[in-house]
Ligand code: GDP
Ligand code: MG
């Protein structure tokens, strides 16, 4: 079907809402409105991407290598994004869909 449910995990303020807003509406806001994320988790083999957001920031908190290493440990893909500059946002969600297609084909 064409219905996809994407769950976004992460500490408050890392840019989860901004990434989704950028992808869905193509917009960005500088003000921080905390979201209460209702998380429902279960099952195996859900397509997962580890995302390092705010790649536009000059002060980096996480080295690319550390993100890649963590993704390897978790056996998932890794991508650096910016909701602000729209860097890798479409690619992020597209890759999630690609991962889902691969999963379907391997069933
Ligand atoms: P959430 O708590 O993970 O949902 O984070 P928000 O999406 O609400 O974003 C928290 C703050 O970070 C807001 O002030 C956003 O404007 C800012 N922000 C989000 N994404 C980016 C980004 O890619 N680059 C920069 N520089 N700031 C961002
Ligand atoms: Mg939020």
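Observations
- Helix 89-106 axis, angle to the chain major axis (alpha carbon atoms, nearest 10°): 10
- Distance in nm between pseudo-label sites at residue 86 and residue 69 (7 Å out along the Cβ direction from Cα): 3.5
- Orientation-averaged projection of the chain equals 7.7 nm² [convex hull of Cα atoms, one quarter of hull surface area].
- For the chain, relative contact order (Cα pairs under 8 Å, six or more residues apart, normalised by length) works out to 29 percent.
- Calculated [222 nm] ellipticity per residue, helices only, for the chain: -11500 deg cm²/dmol; basis is -39500 (n - 2.57) per DSSP H run with n ≥ 4, divided by all residues, nearest 500.
The numbers here are math on the coordinates, done by the rules we state, and not lab data. No experiment lies behind these values; they were computed from the predicted model shown. So basically every Cβ, Gly included, is an ideal-geometry build from the backbone, and we count neighbours across all protein chains shown.
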